[in-house]
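Q: Mind having a look at this structure? Questions to follow.
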Amino acid sequence: MSDIPPHLRPSTPVHALAIGFLAVWLVVAAFPFVWTLWGSFKVEADFFSRSSWWNAVTGPATERQTGNAFTLAGYEGAWIEREFWRAALNTVIVTVSVTAISLVFGTLGGYALSRSTRDYAAWILVAALVFRAMPHITLVSGYLLPFFQLNIWGVLPTAIVVLVAINQPFTLWMLHSFFLSIPKDIDESAMVDGCTRFQAFRLAVIPVMWPGVITTGLFSFLLAYNDFAVTAMLLNQENQTMVPKINSFLGTVQTQGSIMYAVAATVSATAPLFILVMVFQRRIVAGLTAGAVKG
Amino acid sequence: MRHRDFFWFMAPSALAMILFIVVPIGSILVQSLFVEHERVLITVENCGPFGCIEETRVDTEATADLRAKEPLGRFNGVGTYLDRAHLAVDELGAILSDNDGPGDIARRLMNLPFYKALAFTLAYTFLVTPLCMALGFGVALAIDALPRASKGPVIFLTLLPYIATPLLGALVVFWMINTDGIIGATLQAMFDDPALSLQASPVLTWAMLIVWGIWHMAPFAFVVFYAGLQTVPSDTLESAMIDGANRWERVLYVTVPHLKPLAVFVGLILLMDNFRVFEPIIGFSAEANATSLSWSIYNDLNGQGGQLFGSAAATSVLTTIGVMILLTPVLIRTWRASGRRSV
């Protein structure tokens with residue numbers, strides 16, 4: 001930070017130590033992803049080479065088999081032959097719906113919780129905390145049998161509604177602490193002017209709430225996108241989203257190169273996430289700390 | 001806010017949570033008291049040229065019929081909780097009454113699926129959480145000292161392990177430490193042991209999963225601590241310096257106390273998230289040596305020979321009790337706070 005007075009700036013040896021530590025951490029944090037991205041353009045014999053890992057860098061077997069040091073075989077196999085595009089489409093449907101519905105429910109609820117000073121509001125927040133701590137798979141084991149009986153197992157809307165519900169505790173907490181930072185005077189003066197509570201919310205609060213809503217939306221999106229327990233158990237084969245689909249690539253009999261389908265699909269599923277983080281990095285950092293820094 | 005307004009604003013969210021979180025918790029309570037129907041057996045007399053033999057066969061039709069009529073299965077009371085796959089009361093009694101010391105107890109407990117899963121889940125939760133916080137805090141201190149321009153990209157790279165889908169993050173690392181992967185092969189070459197595999201021994205598998213957990217969750221601790229560092233009052237730091245505190249003492253006596261409330265928050269979130277550890281076990285195919293409570297439930301629901309709803313539900317109930325115990329301090333604090341307010 002440039003505004004630190006000179007006498008508070010780190011001394012040189014400490015600084016060097018910190019840089020060294022950070023360099024090691026950055027390699028540990030990022031290298032697995034770089035390595036997998038690079039390897040996804042090779043054939044299995046190179047990426048999982050028995051003789052030397054250097055083969056994954058240079059790709060002799062890839063060159064022998066395809067005539068080029070880079071190949072799109074993994075991507076072709078996953079996206080076209082194994083119809084990964086269908087899973088990608090399902091993921092888009094699920095994540096967009098979950099994010100939108102979560103935000104509508106969460107905004108209303110979070111606003112109410114932030115404006116109520118009663119005990120039951122505090123207890124709803126604690127209940128939400130307990131719900132957030134529930135491992136998702138325990139809830140899934142509660143759903144399966146009733147869903148089979150009601151004949152709503154396997155379809156996208158079921159998974160969407162479930163993910164919305166699982167998302168609510170977190171969304172409520174985040175939006176609650178965000179709405180606390182919007183002064184009560186805004187909506188209360190609107191009500192003094194004759195608005196009902198809902199009109200005050202719509203006319204006075206909605207126009208200023210977007211920063212908080214966008215940050216919360218990013219996290220709802222991440223939760224839906226990253227989910228494995230719910231989508232793996234509640235969706236049937238055709239409706240699978242990307243993450244359970246990749247898991248099913250691994251489960252099937254290991255035909256030559258099918259592990260490379262999983263590698264290519266993993267890269268395909270991770271890349272959009274990382275681009276999203278790059279674009280919204282400031283918001284994510286602000287969002288993760290929003291609830292915490294204020295206590 | 002009026003009760004009525006509060007009710008209507010809260011209704012959609014509360015309804016979603018009641019229907020898909022509270023009701024399922026009730027549902028697992030009920031399901032855990034039932035167990036799958038046994039197959040209906042019929043005895044038929046088979047007469048051939050050498051006389052008649054009585055044969056017992058499975059009546060598939062009657063079995064399917066029974067299962068359709070009573071999908072919950074038959075009532076079993078707390079039987080499922082006490083059986084070998086869960087609390088294993090009989091086995092536990094036998095182990096405690098007749099054993100060759102603590103080592104033997106531990107070894108035999110690890111053969112009981114529930115205790116095996118519980119041991120790993122607890123070890124994972126209580127090792128990953130503090131280590132994550134320490135690493136995250138270290139990274140936050142280091143990044144805070146960087147020049148402004150380089151912070152953006154460095155923070156981006158730091159966040160990657162946390163943002164990545166847990167299952168995919170596990171796979172990416174697994175492919176590297178696989179015996180054919182870059183790290184696995186290098187380790188074999190280093191120790192000159194072609195049979196060396198991180199998956200082979202339970203100790204190495206546990207260590208691998210715990211290191212992965214720290215790698216995955218440390219960025220979360222980092223981000224919160226980093227934001228907290230921006231709010232450390234520089235006056236206090238300066239006066240500490242005038243009082244002769246060195247760098248280390250300033251961190252220890254000014255920064256750390258300032259971040260304490262944040263540390264409680266981070267610790268709580270990490271405990272909750274680590275307690276549900278599940279995806280890395282799938283990603284690393286580690287189930288032979290390490291299982292978790294979440295994984296046990298998944299395994300029961302995904303079973304090859306039909307889904308064991310009763311067994312999964314019983315483990316779910318026990319897991320929920322674990323979550324409640326984990327959250328007791330928070331619950332007590334809220335209880336006290338609400339008591340103060342109403343007085």
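Q: Having 1 or more residues that are under 27 Å from B:Asp192 (Cβ atoms), within 14 Å of another protein chain (Cβ to nearest Cβ) and polar (S, T, N, Q) is the bar; report the helices (runs of 4 or more DSSP H) wholly within region A:24-74 that clear it.
A: Ranges flagged: A:54-58.
Q: If I go through region A:109-124 residue by residue, how many of them are surrounded by fewer than 19 Cβ atoms within 10 Å (Cβ to Cβ) and of a type outside the set (Val, Ile, Thr)?
A: Residues meeting the conditions: 6.
Q: Something else about it: For region B:97-116, indicate whether the set of residues that are surrounded by fewer than 15 Cβ atoms within 10 Å (Cβ to Cβ) and facing another protein chain (nearest Cβ under 8 Å) is non-empty.
A: no
Q: Testing A:Ala112 on (1) more than 18 Å from the chain's Cα centre (by Cα); (2) more than 7 Å from chain B (Cβ to nearest Cβ); (3) assigned to a helix (DSSP H, G or I), one condition comes back false. Which one is that?
A: Of the numbered conditions (1) more than 18 Å from the chain's Cα centre (by Cα); (2) more than 7 Å from chain B (Cβ to nearest Cβ); (3) assigned to a helix (DSSP H, G or I), the odd one out for A:Ala112 is (2).
Q: Could you identify the single residue in A:Phe178, A:Phe221 that is in contact (Cβ under 8 Å) with a residue 60 or more places away in the chain, within 30 Å of B:Tyr162 (Cα to Cα), more than 14 Å from chain B (Cβ to nearest Cβ) and of a type in the set (Phe, Trp, Tyr)?
A: A:Phe178
Q: Still on this structure: Determine whether region A:182-195 contains at least one residue that is touching a residue at least 12 places away in the same chain (Cβ under 8 Å), in a helix (DSSP H, G or I), more than 30 Å from A:Leu234 (Cα to Cα) and β-branched (Val, Ile, Thr).
A: Yes, region A:182-195 contains at least one residue that is touching a residue at least 12 places away in the same chain (Cβ under 8 Å), in a helix (DSSP H, G or I), more than 30 Å from A:Leu234 (Cα to Cα) and β-branched (Val, Ile, Thr).
Q: From the residues in region B:280-320 that are more than 11 Å from chain A (Cβ to nearest Cβ) and among the small types (Gly, Ala, Ser), which one is surrounded by the most Cβ atoms within 10 Å (Cβ to Cβ)?
A: Checking each candidate, the answer is B:Ala290.
Q: Let me ask something else about it. Which members of region B:331-340 meet the condition of being at pLDDT below 80 and surrounded by 11 or more Cβ atoms within 10 Å (Cβ to Cβ)?
A: B:Thr334, B:Trp335, B:Ala337, B:Ser338
Q: Next up: For region B:180-193, give me each residue that is over 20 Å from A:Ser40 (Cβ atoms), of a type outside the set (Gly, Ala, Ser) and facing chain A (nearest Cβ under 10 Å). I'd like the intermediate steps shown before the answer.
A: Narrowing region B:180-193 to residues over 20 Å from A:Ser40 (Cβ atoms): B:186-193.
After this cut, where a residue has to be of a type outside the set (Gly, Ala, Ser) as well, the list is B:186-188, B:190-193.
If the condition is that a residue be over 20 Å from A:Ser40 (Cβ atoms), of a type outside the set (Gly, Ala, Ser) and facing chain A (nearest Cβ under 10 Å), then B:Thr186 is the only one that fits.
Q: Also, quick follow-up: Looking at region B:114-150 only, could you name the residues that are in contact with a helix residue (DSSP H, G or I) (Cβ under 6 Å, 6 or more places away or on another chain), without any contact (Cβ under 8 Å) to a residue 40 or more places away in the chain and within 26 Å of B:Val254 (Cα to Cα)?
A: B:Ala142, B:Ala145
Q: Identify, please: which residue in region B:31-46 is in a loop (DSSP other than H, G, I, E, B) and away from chain A (no Cβ under 14 Å) and is, among those, surrounded by the fewest Cβ atoms within 10 Å (Cβ to Cβ)?
A: Start the filter on region B:31-46 by keeping residues that are in a loop (DSSP other than H, G, I, E, B), which leaves B:32-33, B:36-40.
From what is left, the residues that are away from chain A (no Cβ under 14 Å) are B:38-40.
Working: B:Glu38: 11, B:Arg39: 14, B:Val40: 16.
Result: B:Glu38.
Q: Based on this model, can you work out whether A:Val57 counts as of a type in the set (Val, Ile, Thr) and surrounded by fewer than 17 Cβ atoms within 10 Å (Cβ to Cβ)?
A: Details: of a type in the set (Val, Ile, Thr): yes; surrounded by fewer than 17 Cβ atoms within 10 Å (Cβ to Cβ): yes.
Here the answer is yes, as A:Val57 does meet what is asked.
Q: On to the next question. Looking only at region B:242-252, decide whether some residue is modelled with pLDDT of 90 or more, assigned to a helix (DSSP H, G or I) and not hydrophobic (A, V, I, L, M, F, W, C).
A: No, region B:242-252 contains no residue that is modelled with pLDDT of 90 or more, assigned to a helix (DSSP H, G or I) and not hydrophobic (A, V, I, L, M, F, W, C).
Q: For the subset of region A:115-140 comprising residues that are outside any helix (DSSP H, G or I) and in contact with a helix residue (DSSP H, G or I) (Cβ under 7 Å, 6 or more places away or on another chain), which member is farthest from the other protein chains (Cβ to nearest Cβ)?
A: A:Met134
Q: Now, a different point. Taking region A:23-47 only, how many residues are buried (at least 21 other Cβ atoms within 10 Å of the Cβ) and in contact with a helix residue (DSSP H, G or I) (Cβ under 7 Å, 6 or more places away or on another chain)?
A: Selection size over region A:23-47: 14.
Q: Which condition does A:Arg86 not pass, out of (1) away from chain B (no Cβ under 13 Å); (2) surrounded by fewer than 22 Cβ atoms within 10 Å (Cβ to Cβ); (3) more than 20 Å from the chain's Cα centre (by Cα), if it passes all the others?
A: (3)
Q: Do we have any residue at all in region A:145-163 that's β-branched (Val, Ile, Thr), under 27 Å from B:Ala68 (Cα atoms) and not in a helix (DSSP H, G or I)?
A: yes
Q: A follow-up question, please. Filter region B:62-93 for residues that are charged (D, E, K, R) and under 26 Å from the mean Cα position of the chain (by Cα); which is surrounded by the fewest Cβ atoms within 10 Å (Cβ to Cβ)?
A: Ranking the qualifying residues of region B:62-93, first place goes to B:Arg84.
Q: So, one more: Suppose we filter region A:182-222 for residues that are of a type in the set (S, T, N, Q), closer than 22 Å to B:Trp8 by Cα and within 30 Å of the chain's Cα centre (by Cα); how many remain?
A: Of the residues in that region, 1 qualify.
Q: Still on this model: Hey, A:Ala133 hits all of (1) of a type in the set (A, V, I, L, M); (2) in contact (Cβ under 8 Å) with a residue 12 or more places away in the chain; (3) within 22 Å of B:Leu268 (Cβ to Cβ) but one; which does it fall short on?
A: (2)
Q: Quick test of your reading of the structure: B:Pro219 fulfils all but one of (1) within 10 Å of another protein chain (Cβ to nearest Cβ); (2) more than 30 Å from A:Ile246 (Cα to Cα). Name the failing condition by number.
A: Looking at each condition in turn, B:Pro219 falls short on (2).
Q: Output the number of residues of region B:216-241 satisfying the condition of being assigned to a loop (DSSP other than H, G, I, E, B) and within 21 Å of B:Ile155 (Cβ to Cβ).
A: Number of matching residues: 3.
Q: In this structure, does A:Leu235 turn out to be surrounded by fewer than 20 Cβ atoms within 10 Å (Cβ to Cβ), aliphatic (A, V, I, L, M) and more than 22 Å from A:Val279 (Cβ to Cβ)?
A: Judged against the criteria, A:Leu235 is not a match.
Q: Moving on to the next point. Could you list, in sequence order, all residues of region A:206-233 that are closer than 23 Å to B:Ala312 by Cα and touching a Leu at 6+ places or on another chain (Cβ under 7 Å)?
A: Once the filter is applied, which keeps residues that are closer than 23 Å to B:Ala312 by Cα and touching a Leu at 6+ places or on another chain (Cβ under 7 Å), region A:206-233 yields A:Asp227, A:Phe228, A:Val230, A:Met233.
Q: Can you tell which of B:Leu262, B:Leu271, B:Leu331 is in contact (Cβ under 8 Å) with a residue 40 or more places away in the chain and more than 30 Å from B:Pro71 (Cβ to Cβ)?
A: B:Leu271
Q: Taking region A:45-72, which residues are farther than 20 Å from B:Val172 by Cβ and among the polar types (S, T, N, Q)?
A: Hits for region A:45-72 are A:Ser51, A:Ser52, A:Thr58, A:Gln65, A:Thr66, A:Asn68.
The values are calculated or read from the model by the stated rules, or taken from the named source; none is laboratory data. Predicted model only: the values in this text are computed from it and were never measured. No Cβ is skipped: glycine too gets one built from the backbone with ideal geometry, and neighbour counts run over all protein chains shown.
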